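Peer 1: Could you have a look at this structure, given as structure tokens, before my questions?
Where a number appears in this text, it was derived from the coordinates with a stated rule and is not lab data. Since the structure is predicted, the reported quantities are computational estimates derived from the model, not experimental observations. Positions of Cβ are backbone-derived with ideal geometry, glycine not excepted, and every protein chain shown enters the neighbour counts.
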Amino acid sequence: MAQQPNGWYTDPTSRYQYRYWNGAQWTTEVSSGGSALTDPNGMDAGAINTPPAPGTAAPTPPPSATQPSVQVTQKSGSAIGTIIGIALGVIAVIVLILVLVNQSGNDSTEVPGTTNAPATTSAPATTQAP
């Protein structure tokens, strides 16, 4: 009888859907319904070295015993938060423009109700000695 290559085959014990043949003997790696498991009971010593029957190979390889990787994605901020942020930014720019316009209109040093006529200078007072 030709030696069967390693791979997944129909479980000869019928306890699981598939069992892994390593090329020399059956292992405790089994699969049922797409889930990889480990057979805690194994196989009896008389059947562990009996190769799989031809034509009993699994049509698609069952999953490996390793856990599948999980990709975690984080949802970015909501549209409401973005809209609120933009609105606050626009309001801040408008307030800044209004403050700057009001300050530029108040640059004169005039006091209301007075004129900006040049100040007159008077000569210092002199006193005569007696």
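Peer 1: Just to be sure I understand the model, the point goes 7 Å from the Cα along the line to the Cβ. What's the resulting R15 to V99 distance in nm?
Peer 2: About 7.8 nm, to one decimal.
Peer 1: Output the peptides 49-55, 85-91 sorted from most to least packed, where packing is the average of other Cβ atoms within 10 Å over each peptide's residues.
Peer 2: 49-55, 85-91
Peer 1: On the first, second and third principal axes, largest extent first, how far apart are the outermost C-alpha atoms of segment 1-59 in Å?
Peer 2: Projected onto its principal axes, the Cα set of segment 1-59 covers 30, 27, 16 Å.
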